[in-house]
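Inspection log for the structure reproduced underneath, given as structure tokens.
The values are calculated or read from the model by the stated rules, or taken from the named source; none is laboratory data. Predicted, not measured: the structure shown is a model, and the values here were computed from it. Side chains are part of the model used for accessible areas, which takes the heavy atoms of the whole protein and leaves out ligands, DNA and RNA. Shrake-Rupley method; radii C 1.70, N 1.55, O 1.52, S 1.80 Å.
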Amino acid sequence: MSGGPRTNRPTGRGKTRSGSGGRSEDPLDKVMRRVNKWVDRNPLGSSLLTVALCAALAFLFWGQFGGTLRWAYTRYVAARLDPVLAAHVTPHFTALRDLMREKIPAMEKIRNMFVYRAVDLTASKEL
């Protein structure tokens with residue numbers, strides 16, 4: 001046993017890890033790499049998760065601010081906007097609703113979506 005330290009002797013520094021960064025690596029960076037790998041391997045699942053998260057955020061936003069938004073619309077916007085909606089938008093939605101209720105094949109419905117229809121708004125009870 002001549003000269004020099006042994007190669008398998010433990011040192012005070014501990015084992016160094018190559019590639020992963022060890023303790024000095026940012027934990028958020030590590031998590032984001034794992035998430036990115038999962039997204040790359042599961043495109044459909046990540047799309048569904050994105051839709052679910054957006055729907056949950058919209059639900060929470062409406063739950064928190066829906067009453068205030070309805071009040072502000074009624075107070076400041078409704079008087080000017082409702083006549084415009086009744087004149088221009090309501091006939092289109094009424095025509096589409098009537099078209100969807102018809103018993104015709106799907107391709108016929110799709111074709112008829114782009115054809116002008118005269119709508120009787122006086123018979124519409126919902127709008």
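Worth pointing out:
- Solvent-accessible area, 1.4 Å probe, carbon plus sulfur percent, for segment 36-123: 69
- Reachable aspartates and glutamates, given that their alpha-carbon falls under 16 Å from the alpha-carbon of Lys109 and they are not under 8 places away in the same chain: Asp98
- The heavy atoms of Leu69 present about 80 square angstrom of accessible area, all protein chains included, probe 1.4 Å.
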